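The values are calculated or read from the model by the stated rules, or taken from the named source; none is laboratory data. Being a predicted model, the structure only gives us computed values, none of them experimental. Note that each Cβ is placed from the backbone with ideal geometry, even for glycine, and that neighbours are counted across all protein chains shown.
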Amino acid sequence: MRFSNFSTLNKLDKGETLIEDPAELQKAKEIIQGLSKTFSLLKVYPPDNPSVKVSIEVFCERITEFLGEYDVLKIGIDEFSFAFRGEPCFMDNQRRKSLPFLFFKDGMREIAFYKGLSREEIQDFLKVVKEASNIPPEDSDIVALLWEKEFPHIQYVSLNEFLDSDIGFGKEELGLEIDKLKLTSDSIKLTQEDLVEIQKIKTEHPASQASLSDIPSIKESDIPEIQSMISASRERSHLKELMVLLFEMLCLEKRDEQFSSVLNVLEKCHYEMVNNKDFSNASILLKRLLDLKVILSAKSDEKAKLIERILIKTKDESSIAKLKDIFCDGKIKDYESFFQYLELLIPETILLIGDIWEKVEEHGLCRRTLSFLEKSGPNQVGTLIKIARAERVSLTKEIISIIGKTGDKKAVPYLLDLARFQDRAISIEIISALKKIDSDTAKKAILKFLFEDDEKVRITAAENLEYFEDKSCLDTIFEIVKKKDFKKKSKLEKEAFLNFLAKSRNDNVHIFFGSLLKKSNILFKKRQNETRLCVVSALESAATPEAVAILKEGTHLRSKSIRQECHIALRKLEKSDALKVKI
Amino acid sequence: MLDHSEATYDESKAVSIKARYKNLAKLGEEILVRFSSVIKTAQIFEQNNNTFIRQIGLFFNRIQNALANEKEALFQFKKNILFFNYYRVKFDFSTYDSFKFLADAFREREIGLLNFSLGLQEEELKDFILLFNDTETKKENPFEDFRRKLAASGISHITIEKMHPSEILIEESIEEQKKFAKKVFFKSITHLQEIIQRERQRKRIKVKTTQRLMQTIIDLIIQNESIMVGLTNLKNHNEYTLNHSVNVCLLSLCLGRRLGLDKRELRDLGISAFFHDIGKLEVPEEILNKPGKLNDKEREEVEKHPYQGAVKLTSLEDMNLIPVKALCVAMEHHIDADLSGYPKYWKKNYMDIFSKIVEISDFFDAITTERPYRKKVMSREEALKLMLKDFSYKFDPLILKVFANMLGIYPIGSLVALNSGEVGIVTELNPNKEFMARPRVKLISDETGNKIDGEIVDLAEKDSATNTFKRTILKSLDPKQYNIKISDYFLVEGSYL
């Protein structure tokens, strides 16, 4: 039987069973029970839970007091019980939650707390115990965890029976038989060569001591360099290191089966990075995978296909859903890397942006989300449209704007489709986007907004209208303006429509404008007058020779207000360069 | 007893405790370094020498500083841990030598506690250091002898307490340590052999057992590094890869410890070194053992073993228990410091410190081991010289330097001729760097050349009458020339190495 940790050469002290001080036993019992109670609480509650805190506090106080009096507390460990000096103090035979069993199963037979034990040490110890209990029993190893922590005032005795039970069980040791006698019989006669050399050394250096110059000495300046080498190794992320190595292995591996198995590890590594929200390294991984695919495509179609399979999986439905969960969880530390990662998975991740958008305001990430859309959108109009929603007005507007910037006439049907949301802001954005697309289709599409229920939309449409080859545009406006109820529209709307007509330089429009100015209706005098004033304003803004001619005619009309407005408009036109240019 | 209302943990108190511990750690480290320096100086210089006087002054100032702040300056040594005022003093690369030196000094004198108290005078401290270094101290009962002398000298502000009996390394316990170390050594070989078999049968490998094994080896190194370094002299030619892997593991762990790696890192390093050549399983035996020069195809096969090893490690069922660094080491142990060697990397442009450590240990063990293709097996000193001179470009210069200092001028296992006419084998290096050429030596022949089961002598020991060293190494000898198998001396039971 062997013992590990600090007690490699110690035997369990069987003599420590005699209890001279009953008070000591009582105190020890209370501490042991307190430890078990704290452990039970820690299994259920987080460390900042008040009950846990109190329990730890009580345990700390009791054990510090005990160690102050008795220097050491050694607790014997049996399968389901703790003992103090051979006296059972605590029992819990439910394997799953038993603290004695947690210690016992990994070979621990005694744990000792020594004077000098600090609160921090106790808390770290409890953390280790909790960590071990959270791992499935077959995978956890409390001895290994305590061993690596090197608690200065907590020591344990554990069996090293694994050496006999786990290694070479039933096998002969590989030890070589040595004949001890051979080592002491016979003699060593130095060779002539060695004797000569020794003689020489004796003569030349009577107080000989081999020269230290062969061994380079460690200088003060070496210390920081070595320490920085160690720090660099410590700081390197294990997952990143694994990824880097896996890529090197993939580059070197010629065997398909092994290539596939390494690739599987890389895939796991990727998912672990994603789960850890380490999107910076996950992005590097994806980029390198893409690079490697390109390199391998020329050499091995099979390997390139295996990589492609992984790449597809990174953006399948479940992966995207996972990313959404991670984002919604709100624990991402590096959003820039997160978005960079999403950019690598376009177009699938565009769909995710819709969900993200709803949360970004609280994260203050609108700008980054928009830049993601701007980068990804232009080539993915069809996908972008899918995330537009009536309830996501601002996002939908951004999407429309991005589509508009493409200037691609193929986008027109998509834009028109968004008009179904019947939202003023969205419709106005669509009109603005359509205007940016240099095609008759887009111009025609704006016409449709002239019949919207929303006046503001109709005005915007009219204001953004442009002429195109097809006469239908002029005809449509003409038709609207000629309708009896046109005069009932607001001044702004009338102006928008009439302005458009005024710029057409169309004879029929001129005739129509002339007749409108002359027209007077006693019944609707106010509205009629407003329409006529709008005509004057439209003619002024058109600033064509034909408009000037009509305005001049207007200066002779019966209506004083119209005459005056026509005069004013003409004077303004005379002063401005607009007319000269147009003429 | 506390009730709920009383049990509020004072965070600010915790912060101040942490700050105090931090100060204590710094103070303890400074005193530790000064303490070891002054003892080393006293071993070399006379008491009226200026260097010694200056060192005493520096040490005295540090202690006064501690006494002014802490009211006490108390050193404890238990379970291989040094405490200063009950606070553990951890070592790193810069303080390793001082730590090791002081720990050895405490253990040798069986001192468990050393207390400097208020009122201490510089002269008193000087007397104490001289007594501490008194070579006439009895070996049978060093503590009692020292305490008696201390009481007689009138030193009143420095008190000592004896080490706990369980920690005193008596002859039997050292023997037991050696026996256990050998067992662990052979168990390690068996374990690797089983791993290889299980891997071939596609059975689950017990990585948890490997972890435990490494922990045991590391504990043994902490207790007695010399025993473990000595075991690397064992060479089983029939099981070269297995034996070599264990040797590389031991050498790497000793080197890693000197560099200041913590226990967890050491365990990872041990596992990495243990598996560094696992890729060789893929290389046909006839190529590995080919006596002559390899042809291009064979060389190509051999050069695949690093990444094949890494691939093998990734395919283990318990891969999550294998440290990532083990993959690094498997891949990189033939890549040189300038990134030449093999394999050639695609993008990676650095080597991990673990790979650098294992590369050095691997090379050293390989060239000191007989192989069918190796014309000459080098002695340990020859190997070290070769690495320092002709192959220095291959290795990280700083780590190689630490490795060379770890092995010393006469590495453990060196066969040496002494000025006394005796021949011996180096068993332990002198912890004082100034006495690097004065290790502990097991005498294997007397002055007439007759083989003996001699004692282990300390070459730093002086003859009190003449104040000269009793024995000095004149020359290292080639064991092959004298038909001496060094490993036999490390293997044999009894009062041997």
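Structure values in brief
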{"read-out": "Residues that are under 19 Å from A:I230 (Cα atoms) and more than 8 Å from chain A (Cβ to nearest Cβ), drawn from region B:340-349", "value": "B:N349"}
{"read-out": "Selection within region B:275-295 - surrounded by fewer than 21 Cβ atoms within 10 Å (Cβ to Cβ) and either among the basic types (K, R) or outside any helix (DSSP H, G or I) (or both)", "value": "B:V283, B:P284, B:N289, B:K290, B:P291, B:G292, B:K293, B:L294, B:N295"}
{"read-out": "Neighbours by Cβ (under 6 Å, 6+ apart or cross-chain): first from region A:432-455, over 16 Å from A:P413 (Cβ atoms); second among the aliphatic types (A, V, I, L, M)", "value": "A:L450/A:A461"}
{"read-out": "Residue ID - nearest to A:K313 (Cα to Cα), chosen from residues in region A:220-254 that are out of contact with any helix residue (DSSP H, G or I) (no Cβ under 7 Å at 6 or more places or on another chain), exposed (fewer than 15 other Cβ atoms within 10 Å of the Cβ) and modelled with pLDDT of 90 or more", "value": "A:E235"}
{"read-out": "Residues satisfying the stated conditions in region A:345-360, i.e. touching a Leu at 6+ places or on another chain (Cβ under 8 Å) and either free of Cβ contacts under 8 Å to residues at least 12 places away in the same chain or among the small types (G, A, S) (or both)", "value": "A:G354"}
{"read-out": "Candidates A:F113, A:F125, filtered to the one that is in contact (Cβ under 8 Å) with a residue 24 or more places away in the chain, away from chain B (no Cβ under 12 Å) and either more than 20 Å from A:K29 (Cβ to Cβ) or within 34 Å of the chain's Cα centre (by Cα) (or both)", "value": "A:F125"}
{"read-out": "So A:S118, is it surrounded by 15 or more Cβ atoms within 10 Å (Cβ to Cβ), among the polar types (S, T, N, Q) and within 36 Å of the chain's Cα centre (by Cα)", "value": "no"}
{"read-out": "First in region A:539-551 and in a helix (DSSP H, G or I), second anywhere and of a type in the set (K, R), Cβ under 8 Å, 6 or more apart", "value": "A:E540/A:K572; A:S541/A:K503; A:A542/A:K503; A:A542/A:R505; A:P545/A:K582; A:E546/A:R505"}
{"read-out": "Residue match in region B:438-447 (condition: over 15 Å from the mean Cα position of the chain (by Cα) and polar (S, T, N, Q))", "value": "yes"}
{"read-out": "Residue satisfying all of: in region A:50-65; under 16 Å from A:K130 (Cα atoms) and not polar (S, T, N, Q); surrounded by the fewest Cβ atoms within 10 Å (Cβ to Cβ) among these", "value": "A:K53"}
{"read-out": "All positions within region A:190-214 that are outside any helix (DSSP H, G or I), among the aliphatic types (A, V, I, L, M) and modelled with pLDDT of 90 or more", "value": "A:L190"}
{"read-out": "Residue among A:K560, A:K525, A:K552 that is at pLDDT below 85 and loosely packed, with under 14 Cβ neighbours inside 10 Å", "value": "A:K525"}
{"read-out": "Close pairs (8 angstrom Cβ cut-off, 6 or more residues apart or separate chains): more than 29 Å from A:I295 (Cα to Cα) in region A:308-326, hydrophobic (A, V, I, L, M, F, W, C) and part of a loop (DSSP other than H, G, I, E, B) anywhere", "value": "A:I326/A:I332"}
{"read-out": "Every residue from region B:17-31 that is within 18 Å of B:F91 (Cβ to Cβ), within 14 Å of another protein chain (Cβ to nearest Cβ) and surrounded by 14 or more Cβ atoms within 10 Å (Cβ to Cβ)", "value": "B:Y21, B:L24, B:A25, B:G28, B:E29"}
{"read-out": "Test: residue in region B:452-475 that is closer than 26 Å to B:G256 by Cβ and not aromatic (F, W, Y)", "value": "no"}
{"read-out": "Matching entry among B:V441, B:V457, B:V423 (being within 11 Å of chain A (Cβ to nearest Cβ) and among the aliphatic types (A, V, I, L, M))", "value": "B:V423"}
{"read-out": "Sole exception among (1) within 47 Å of the chain's Cα centre (by Cα); (2) assigned to a strand (DSSP E or B); (3) not hydroxyl-bearing (S, T, Y) for A:N93, by number", "value": "(2)"}
{"read-out": "Residue in region B:209-218 that is modelled with pLDDT of 85 or more, surrounded by fewer than 19 Cβ atoms within 10 Å (Cβ to Cβ) and either more than 24 Å from the chain's Cα centre (by Cα) or part of a helix (DSSP H, G or I) (or both) present", "value": "yes"}
{"read-out": "Residue ID - farthest from B:K347 (Cα to Cα), chosen from residues in region A:228-281 that are at the interface with chain B (Cβ under 9 Å from one of its Cβ atoms) and of a type in the set (D, E)", "value": "A:E253"}
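Listed here are the residues, each with its yes/no results for (1) of a type in the set (G, A, S); (2) surrounded by 23 or more Cβ atoms within 10 Å (Cβ to Cβ); (3) more than 8 Å from chain A (Cβ to nearest Cβ); (4) on the phi < 0 side of the Ramachandran plot.
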site: B:N243; (1), (2), (3), (4): no, yes, yes, yes
site: B:V248; (1), (2), (3), (4): no, yes, yes, yes
site: B:K297; (1), (2), (3), (4): no, no, yes, yes
site: B:S315; (1), (2), (3), (4): yes, no, no, yes
site: B:H333; (1), (2), (3), (4): no, yes, yes, yes
site: B:D352; (1), (2), (3), (4): no, yes, no, yes
